[in-house]
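Here the structure is laid out as structure tokens; the discussion comes afterwards.
The values are calculated or read from the model by the stated rules, or taken from the named source; none is laboratory data. A quick note: this is a predicted structure, and the numbers were derived from the prediction, not measured. As a convention, Cβ positions derive from the backbone with ideal geometry for all residues, glycine included, and neighbour counts pool all protein chains shown.
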Amino acid sequence: MTAMASIPILSFKDIDVVYGGERGTHAVTALKAIDLDIREGEFVSLIGPSGCGKSTLLRVAADLIKPSAGTARIDGLSPSDARLNREIGFVFQDAALLEWRRILANVALPLELQGIPKDKRLARARELLRLVGIAEFENAWPRQLSGGMRQRASIARAMSTRPRVMMMDEPFGALDQITRDRLNLELSALAEREKMTVVFVTHSIHEAIFLSDRVVVMSPRPGRITEVIDVDLPRPRTLAVRETPRFNELCRLGERLLGEGFHD
Ligand SMILES: Nc1ncnc2c1ncn2[C@@H]1O[C@H](COP(=O)(O)OP(=O)(O)O)[C@@H](O)[C@H]1O
Ligand SMILES: [Mg+2]
């Protein structure tokens, strides 16, 4: 049991990603020598300046791009096998809902693509809408939802296939501060209750500290891991934690590690 628990659910070993460079084009090294192990149930944030390769790292795990060197493993599988097994859920800044489908049908879409029977997939989609707090909007069209509700629907959709790891790429970056605070709080509770493993990208050190067990700080391009902050704040977390000296200390540490000239 202990031995099993110590095997990372997600691991990056010596990952380099170079874009371009074919036929004399300019090559961009986006990531250099990334080593990172993430345990099951862990909430890890990636933080670093724009262009440091945060999205690139998520894309490697999700098999959207192949690394130029190194290996990624998801529950022991290669990214392509993990993709076939739907081990990875993805949430983007733009919820990217299908505007011509009602919310329930949007959330049920991945299960539909898997060939899950209609009654089963709709039951699961309803359960997820309840979980993310928008059950009463199942018959709404995406355009009728606020930005925060669209992101909730997008999270529900990503959870539908019960992925082992949830990748969230600046999911709340376009939301107003009040909605963002609220979703931070709810995501924290949801991740804990569902024992989700989350890799979360954000520009906000406050958001990263609030949500995470560990915050991975990356350098400007080529992206390397420069520091990892262990967030020793108690759980469950409430917004009150943000008033504590420890929270503020960790945020200052994060800001310092990110360096001068980079602001939220
Ligand atoms: N498809 C691509 N082709 C060429 N360069 C890319 C591509 N995607 C990203 N890059 C470059 O790689 C670097 C890292 O990008 P990205 O992972 O999107 O950074 P972040 O998410 O941290 O802002 C950037 O310099 C970006 O311009
Ligand atoms: Mg990005």
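Does VAL228 fit the bill of being surrounded by 12 or more Cβ atoms within 10 Å (Cβ to Cβ), of a type in the set (Val, Ile, Thr) and over 26 Å from ASP16 (Cβ atoms)?
no
Does the range 67-76 contain at least one residue that is touching a Pro at 6+ places or on another chain (Cβ under 8 Å) and without any contact (Cβ under 8 Å) to a residue 60 or more places away in the chain? Among the residues of the range 67-76, not one is touching a Pro at 6+ places or on another chain (Cβ under 8 Å) and without any contact (Cβ under 8 Å) to a residue 60 or more places away in the chain, which makes the answer no.
On the basis of being over 15 Å from the mean Cα position of the chain (by Cα), away from ligand 2 (no atom under 15 Å from the Cβ) and small (Gly, Ala, Ser), does ALA30 make the cut? Taking the combined requirement at face value, the residue does not satisfy it.
Selection of first residues in the range 167-183 that are part of a loop (DSSP other than H, G, I, E, B) and of second residues that are more than 16 Å from ligand 1 (Cβ to nearest atom), restricted to Cβ pairs under 6 Å at least 6 apart or on distinct chains, gives the following pairs, ordered by first then second residue: PRO171/GLN151; PHE172/ARG180; PHE172/LEU183; LEU175/GLY147; LEU175/GLY148.
Would it be correct to say that ASP75 is within 23 Å of ILE209 (Cβ to Cβ), of a type in the set (D, E, K, R) and more than 16 Å from ligand 2 (Cβ to nearest atom)?
Taking the combined requirement at face value, the residue does not satisfy it.
Taking the range 39-65 as the range and being among the charged types (D, E, K, R) and within 9 Å of ligand 2 (Cβ to nearest atom) as the test, only LYS54 passes.
None of GLU207, GLU243 is surrounded by 15 or more Cβ atoms within 10 Å (Cβ to Cβ) and either over 30 Å from ASN85 (Cα atoms) or among the acidic types (Asp, Glu) (or both) except GLU207. Of the helices (runs of 4 or more DSSP H) contained entirely in the range 43-124, those carrying at least 3 residues that are within 16 Å of ligand 1 (Cβ to nearest atom) fall at 54-61.
Restricting the range 64-102 to residues that are within 20 Å of MET196 (Cβ to Cβ) and charged (D, E, K, R) leaves a set whose member that is nearest to the chain's Cα centre (by Cα) is GLU87.
The rows are residues; the columns are (1) touching a strand residue (DSSP E or B) at 6+ places or on another chain (Cβ under 7 Å); (2) small (Gly, Ala, Ser); (3) modelled with pLDDT under 95.
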{"residue": "LEU57", "(1), (2), (3)": "yes, no, no"}
{"residue": "PRO67", "(1), (2), (3)": "yes, no, no"}
{"residue": "GLY76", "(1), (2), (3)": "no, yes, yes"}
{"residue": "LYS120", "(1), (2), (3)": "no, no, no"}
{"residue": "GLU127", "(1), (2), (3)": "no, no, no"}
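So, in the range 6-42, exactly how many residues are within 14 Å of ligand 1 (Cβ to nearest atom) and polar (S, T, N, Q)? Summing the residues that are within 14 Å of ligand 1 (Cβ to nearest atom) and polar (S, T, N, Q) in the range 6-42 gives 2.
Take GLY173 and tell me if it is touching a His at 6+ places or on another chain (Cβ under 8 Å), within 16 Å of ligand 1 (Cβ to nearest atom) and at pLDDT below 95.
The answer is yes for GLY173.
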